[in-house]
Ligand SMILES: Nc1ncnc2c1ncn2[C@@H]1O[C@H](COP(=O)(O)OP(=O)(O)O)[C@@H](O)[C@H]1O
Ligand SMILES: [Mg+2]
């Protein structure tokens, strides 16, 4: 269906279902329960899941297929954000032009960065991309302040010219971002029993774009172009002597992934029209690397899973403070309770980075294929088939079903 | 006028003269072997044909076009395929993909963004690749990962990757290196079949027995110079060849 083989169609259908039902799936605990704090089904976080999912899907097209590890992709996300806010300042609060322009600017910038960085490979390529991103980050704070508004960040104001719209609404406030009139903030809440589900317009716009982005990535993975990108990773010498020029293939992958990053940046400002330079910092570039590796480099679904896990840790796991821990372990004798809390505490709340770091190390060492490999191994146990027939992918129907 | 004409090729590596004044004229449709002891400059010469090395002086003409100063992928696109001394394959892809990639390269050129089509729908290319794998007796392994093949199979896969391109000129650098006797004989038989298709072949070997029954002509390279060029029957007895191989112990 849709030009996908059976397995991919199934995978895509599952992703569609999960994305559309996310407001319900992510809110499994009743509002009044103790566990409600683990609910992730609120618009802001759901939007972030999806936006970073798009970012990671794009990153994976470069890193997963060609093996080129960029440490500067946040720069493209940043450029996309700035371009998006400018569109809203100058043209319209409709998010569509903003998103399109984000993608175009990020694409152009990645063409320049890629063209230069791809003169080298391996660690030198990574360093070059890192240097570009840090340069962009610093410039955003200094020379480029007229465009980026420096440390304050670029935001809307009450006297933006906005050609196809108004500078301020009748009641003197900044107009809201919308999709042909549907405000991104709009939505409705559904209360069922003790549960509360929020269906937000912004989330569903992001979700629809994620699904398109995911679909495009499946097509690329399964196309002759995708096979060429895998060839780049596998053996560039052989490519050269087989009549193929690896350089433009790699550059194309770089630009496509840069455009995905720009799309993510555009969606961020479509949800919340504010762009800051910190989005371009190396930590942000590093984050998407972690997401991709954690989920499963070179797999279709891995990047989405990886970004979900990391964003969940960052936003939910980080909220567990010592009061909550004392609550949990209240059933223990007092002395023991304090002791257990003291041990657990460094790993939760503000210590979420520590836990994530440990999880990441364990994954890299024991599951080099990330969460996806973990899933495959578990599935392998149930099938009672040794999971080691990875070398026998279903070539007849789909060469190298990588996930 | 041969399909490959090499005139006055010289190549130095620092103080070492790897090739001095090499001349070759290889007739279309023939199998031409270049033999010589280790270090004679055979691989260096081949590298000068495919754009890996640039000779210091001299010309290399293929089908009326100079092969110098152009990129390896351009040389391949005009019909020259090469098998390496250590097989160069796409080790993390399966055999079918390994053979489809060169088939795509022939059809689509050096670069084409073909991102919307599914590999699964490329029936013609797939068919060609499968036929080629079948001819080389590897169809049953089409979905195996290439890196896990034995060395002999890797070599055959590499050969399949070259043949699927229907090259005009096939260059082989020690195609039987590191193979057991039986495998060597199989490979030679295979090369004989390929020769019957009319593909011009240049085969490099240090062991001249291997190419005796295969080659139409043999050039003997020693210390960077072609010392003899003749039919196989007349090579063995040639005193110059005896001398070149003395100590090499291959004769
Ligand atoms: N890239 C290089 N740099 C320096 N010396 C080289 C290089 N390639 C080959 N040589 C030298 O040139 C000579 C010929 O090598 P080669 O062509 O590999 O020989 P053959 O293939 O006949 O065994 C050898 O002495 C080798 O050490
Ligand atoms: Mg050699």
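Between residue A:315 and residue A:157, the contour length at 0.36 nm per residue exceeds the alpha carbon distance by 54.0 nm. What shape does the stretch B:116-204 take by its C-alpha gyration tensor, where a ≥ b ≥ c are the square roots of the eigenvalues and a/c under 1.5 counts as rounded, a/b above b/c as prolate, and the rest as oblate? The shape class here is oblate.
Need the C-alpha centroid separation for the stretch A:189-250 versus the stretch A:1-78, integer Å. Rounded to whole Å, the Cα centres lie 11 Å apart. Sorting A:220, A:293, A:104 by the number of Cβ atoms found within 10 Å of their own Cβ, with the fewest placed first, yields A:104, A:220, A:293. Note: relative contact order over the stretch B:92-166, using C-alpha pairs below 8 Å and six or more positions apart, is 53 percent.
What the Cα convex hull of the stretch B:92-166 gives, in volume per residue, is 89 Å³. Helix B:151-163 against the longest principal axis of chain B: what's the angle in degrees, Cα atoms only, rounded to the nearest 10? For B:151-163 against chain B, the angle is about 80 degrees. What separates the Cα centres of the stretch B:176-213 and the stretch A:271-340 is a distance of 60 Å. Note on chain B: Cα convex hull, mean projected area over all directions, 14.0 nm². Helix B:181-196 and the longest principal axis of the Cα set of chain B meet at an angle near 80°.
Going by how many other Cβ atoms sit within 10 Å of their own, how do A:257, A:157, B:118 line up, fewest first? Before the final figure, lay out each step's value.
Values: A:257 31, A:157 10, B:118 18.
Ranked by crowding around the Cβ, least crowded first: A:157, B:118, A:257.
Scaled to the globular estimate 2.2 N^0.38 Å, the Cα spread of the protein assembly as shown, given as radius of gyration, is 1.19.
Distance between the 7 Å Cα→Cβ label points at residue A:354 and residue A:183: 4.3 nm.
Principal axis extents of the C-alpha atoms in the stretch B:136-251 (largest first, rounded to whole Å): 51, 29, 23.
Is the shape of the stretch B:10-79 best called rounded, prolate or oblate, per the rule: a/c under 1.5 gives rounded, else a/b larger than b/c gives prolate, else oblate, with a ≥ b ≥ c the square roots of the Cα gyration tensor eigenvalues? Note, shape of the stretch B:10-79 comes out oblate.
Assuming a ≥ b ≥ c are the square roots of the Cα gyration tensor eigenvalues, decide whether the stretch A:18-124 counts as rounded (a/c under 1.5), prolate (otherwise, with a/b larger than b/c) or oblate. Write down the numbers at each step before the final one.
Values: a/c = 3.29, a/b = 1.54, b/c = 2.13.
Verdict is oblate for the stretch A:18-124.
For B:206, A:73, A:353, the sequence from fewest to most other C-beta atoms within 10 Å is A:353, B:206, A:73. The angle between the Cα long axis of helix B:95-108 and the longest principal axis of the Cα atoms of chain B comes to about 80 degrees, rounded to the nearest 10.
Values in this text are rule-based calculations from the coordinates and carry no lab data. It should be emphasised that the depicted structure is a prediction, and the values quoted were computed from it without experimental measurement. Cβ atoms come from the backbone with ideal geometry, glycine included; neighbour counts cover every protein chain shown.
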